[in-house]
Amino acid sequence: MTARLRSLLAERDLVVEVRLALKMTLGGTVAWWLAVELGAQRPIFAALVPLVAMNGDPFAAVSVSIGRIVGVFAGVGLGIAFAHVAMGSTLRVAIVLLLGTLASVALKIGGRPNLEVPIAALFMLATSIKLVNQFGVQRIWETAIGAGLAIVISALVWPPHPARELERQLDRLRRELVGDLLTIADDLATGGDETAVHMDEVRAHSLDAVREVFALADARRALRWSPLRRRDAERVDELGARISLGARIYRHARAVARDVADLPVRSATLAAAVRDLADAADRALTGSDPSAQLDRSAAALAEPAHGEAEIVAAQLRQLLADFRAMRRS
């Protein structure tokens, strides 16, 4: 239990998490104070925006804040329009929810529906017609205050650190990739079934690596919004290239793992080749030269394999070829 807890804590950056809590507190408090100074009575929406915008995603605070402003404008306009239409309340709510959710899909934030649209529209419907115009305007400027402060605080106070986050992602990817390759090597050497037992984990690790590749665009976008981190652009590109390499290797490793799990193959030669590939991946993803390990693996894979061992050998040759091609590019 203690070891499991330590493992979970090791995967988290507690300093960053505490800083996030402090930034959210600062953003919500300052937004409330500023809105009160401007005449609002209980500016709950101003204080809420920084809490939602600074949601723990190291790359998304700015885009979430801008998306919320757009969603509020759309939702308030929709709510005001239907608040003045004569129809039953249930039918009105149904129509507003339909249009609001369709708009939320069109105005996605980070790949997720912008639920600010239907929420803002429902708030307008819940307000009396006499107050709806005034409340709608207040809702807009309160949200603008909160979003503006969220953007400023996210960019200037302990701003997102894309390079540091990518380093964490790369280290996790490297450990999982090397570990899975070594498990495959052990099974090839002994005829064991650990790969089959952990096949679901191998697939999950491979999919996580692909998701990290897709997140690279967000990391680069975060640099543009953070003047204090723009000097890290070269480092982010370097880390991005290594993550892409790791994800590409993992795609082949998953295919090899599937064959090893399905086929009764036992080969000391193939096991040695996989160990060299694991060592090469470890070195490449930490910025070292893996040429010697790749050459040893190539020599082992050049030896003839027979029967079902040839299927695994063919997959490993593809992995090796792609590995070398990615390094050259």
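In the set V265, V274, which member is closer than 18 Å to T183 by Cα and not in a helix (DSSP H, G or I)?
Details: V274 fails: not in a helix (DSSP H, G or I).
Only one candidate passes the filter, namely V265.
Tally the residues that are within 28 Å of E238 (Cβ to Cβ) and either open to solvent by less than 60 Å² (accessible area, probe 1.4 Å) or part of a loop (DSSP other than H, G, I, E, B) (or both), restricting the search to region 280-312. Write out each step before concluding.
First, the residues of region 280-312 that are within 28 Å of E238 (Cβ to Cβ): 280-298.
Subset that is either open to solvent by less than 60 Å² (accessible area, probe 1.4 Å) or part of a loop (DSSP other than H, G, I, E, B) (or both): 280-282, 284-294, 297-298.
Residues that pass the stated criteria total 16.
Can you find even one residue in region 20-35 that is among the aliphatic types (A, V, I, L, M), within 27 Å of A219 (Cα to Cα), surrounded by 13 or more Cβ atoms within 10 Å (Cβ to Cβ) and modelled with pLDDT under 85?
yes
Taking region 190-223, which residues are farther than 17 Å from R242 by Cβ, without any contact (Cβ under 8 Å) to a residue 60 or more places away in the chain, open to solvent by less than 60 Å² (accessible area, probe 1.4 Å) and not aliphatic (A, V, I, L, M)?
Across region 190-223, the qualifying residue is only G192.
What number goes with the only condition from (1) modelled with pLDDT of 90 or more; (2) of a type in the set (S, T, N, Q); (3) open to solvent by 50 Å² or more (accessible area, probe 1.4 Å) that T183 does not pass?
(3) is the only condition that T183 fails.
So, in region 136-173, exactly how many residues are open to solvent by 50 Å² or more (accessible area, probe 1.4 Å), of a type in the set (K, R) and over 18 Å from A222 (Cβ atoms)?
1
Six or more apart or on different chains, Cβ under 7 Å: which pairs go from a residue in region 144-168 that's touching a residue at least 60 places away in the same chain (Cβ under 8 Å) and over 25 Å from V72 (Cα atoms) to one that's of a type in the set (K, R) and assigned to a helix (DSSP H, G or I)? Could you list them?
From residues that are touching a residue at least 60 places away in the same chain (Cβ under 8 Å) and over 25 Å from V72 (Cα atoms), the pairs are V157/K23; W158/R19; W158/K23; A163/R235.
Give V93, V76, V72 a once-over and let me know the one that is surrounded by 14 or more Cβ atoms within 10 Å (Cβ to Cβ), touching a Ser or Thr at 6+ places or on another chain (Cβ under 6 Å) and in a helix (DSSP H, G or I).
Step by step, each of V93, V76, V72 is checked, and only V72 is surrounded by 14 or more Cβ atoms within 10 Å (Cβ to Cβ), touching a Ser or Thr at 6+ places or on another chain (Cβ under 6 Å) and in a helix (DSSP H, G or I).
Go through (1) in contact with a Lys or Arg (Cβ under 9 Å, 6 or more places away or on another chain); (2) modelled with pLDDT under 80; (3) of a type in the set (D, E, K, R) and name the single condition R112 misses.
(1)
The values are calculated or read from the model by the stated rules, or taken from the named source; none is laboratory data. On a predicted model such as this, the values are computed, not experimentally measured, just so you know. Every residue, glycine among them, receives a Cβ derived from its backbone with ideal geometry; neighbour counts consider all protein chains shown. The protein model used for the area step is the full one, side chains on, heavy atoms only, and it has no ligands, DNA or RNA in it. Shrake-Rupley method; radii C 1.70, N 1.55, O 1.52, S 1.80 Å.
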